[in-house]
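The values are calculated or read from the model by the stated rules, or taken from the named source; none is laboratory data. If you're wondering where the values come from, they're calculated on a predicted model, not measured in any experiment. Don't worry about glycine lacking a Cβ; one is built from the backbone with ideal geometry, like all the others, and counts go over all protein chains shown. Protein only, heavy atoms only, side chains kept; ligands, DNA and RNA dropped before computing areas. Shrake-Rupley method; radii C 1.70, N 1.55, O 1.52, S 1.80 Å.
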Amino acid sequence: MTRRTSFLLALLIVCPAGAQAPKLESYLLLPEPKAMHSTASCTIAGAQRTVLSPAHTVTESPGVKAYTAEEFVRLGISKESFIERAAAAADKRLALLNPEFIKDDTGKTRYAVYRGDSPLLATLLIAPSLGKTFATLFGDEIWAAAPDRNALYIFPAKPESLAEFAADLNERFEGNPYAASCEVFLIKKGEKEPRVVATFGE
């Protein structure tokens, strides 16, 4: 076998015929600790420790990257337009995903969670349909927590529903190199934007 033949065979193994590379997403709003903000970052009502940073997916690890201020300017769109596109993209992702429902011994759902390898799960926070998705289960108001990029937790909007999980959420936030937010977001059915109502961090 020649060197050229070996190289072509290796390409076929890595990229089999008909396989498509994952579509790159240009419009994301990534929850991040406030210390990570740039001039392109967006504020959230009530937030003291969290910003939403414009971001895009990349082929290299960790799979998503925030735009620098200079890169955002080169996009040639306003923050408002970016937010609208990012919200629409988040809604499309939300429609394709099924959360895991965590139940108590009686079968009652305690909370729901989207979690996995994707670094985009925390970006579901701004999906306009998120409140509607859980309205039947939890009511017209829900609380959401995104301790890292790989998870979004949904709770009933009651302090007791979240209290016993606060330490675990904080551990995920503190221990993950890609932390997202230590704050709790209120999402109302029919409202487009979340707002912060509490924190599970120190």
Excluding ligands, DNA and RNA, what is the solvent-accessible area per residue of the chain at a probe of 1.4 Å, expressed in Å²? 58 Å²
Using a 1.4 angstrom probe on the protein heavy atoms only, could you order E183, E60 from most to least accessible area? E60, E183
In debye, nearest 20, what is the charge dipole magnitude of region 106-190 about its Cα centre with +1 on Lys and Arg Cβ and -1 on Asp and Glu Cβ, if you could check? 380 debye
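Mind jotting down a quarter of the surface of the convex hull over the alpha carbons of the chain, in square nanometres, one decimal?
Approximately 15.1 nm², given one-decimal rounding.
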Most fluctuating residue of L96, L28, L52 in a GNM of the chain with Cα springs under 10 Å: which is it? L96
For region 134-139, just list the computed ³J(HN,Hα) in residue order, Karplus coefficients 6.51, -1.76 and 1.60, θ = phi - 60°, integers in Hz, with x standing in for Gly and Pro. 10, 4, 5, 7, 10, x
Counting only trypsin sites (Lys or Arg not before Pro) that are in a DSSP loop and have at most 10 other C-beta atoms within 10 Å, tell me the longest site-free stretch of the chain. 109-202
Cα gyration tensor category, rounded, prolate or oblate, for region 96-202 with a/c compared to 1.5: rounded
Taking protein heavy atoms only, a 1.4 Å probe, and rounding to whole percent, the accessible area of the chain owed to carbon and sulfur comes out at 54 percent
C-alpha center-to-center spacing [region 82-114, region 165-202] in angstrom: 15 Å
Under 5 Å between amide H atoms, partner at least 5 residues away or on a different chain: which partners does R195 have, H built in plane at 1.01 Å? L186
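Okay, helix-only estimate at 222 nm for the chain: each DSSP H run of n ≥ 4 adds -39500 (n - 2.57), divide by all residues, round to 500 deg cm²/dmol; what do you get? Write down the numbers at each step before the final one.
Details: 7 runs with 60 residues, N = 202.
For the chain, the value works out to -8000 deg cm²/dmol.
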Over the Cα atoms of region 80-142, compute the convex hull volume and normalise it per residue, giving Å³. 88 Å³
Can you tell me which of I187, I83, I154 moves the most in a GNM of the chain? Springs connect C-alpha atoms under 10 Å apart. I83
Under a straight-distance cross-link criterion of Cα-Cα below 21 Å, which lysines are reachable from K132, leaving out those fewer than 8 residues away in the same chain? K92, K103, K108, K158, K188, K189, K192
Taking the Cα centre of region 75-141 as origin, work out the dipole magnitude from +1 charges on Lys and Arg Cβ and -1 charges on Asp and Glu Cβ, in debye rounded to 20. 120 debye
Sort all Cα-Cα distances of region 27-86 into consecutive 5 angstrom bins from zero, then give the percent of pairs in each bin up to the one containing the longest distance. 4, 20, 29, 26, 15, 5, 1
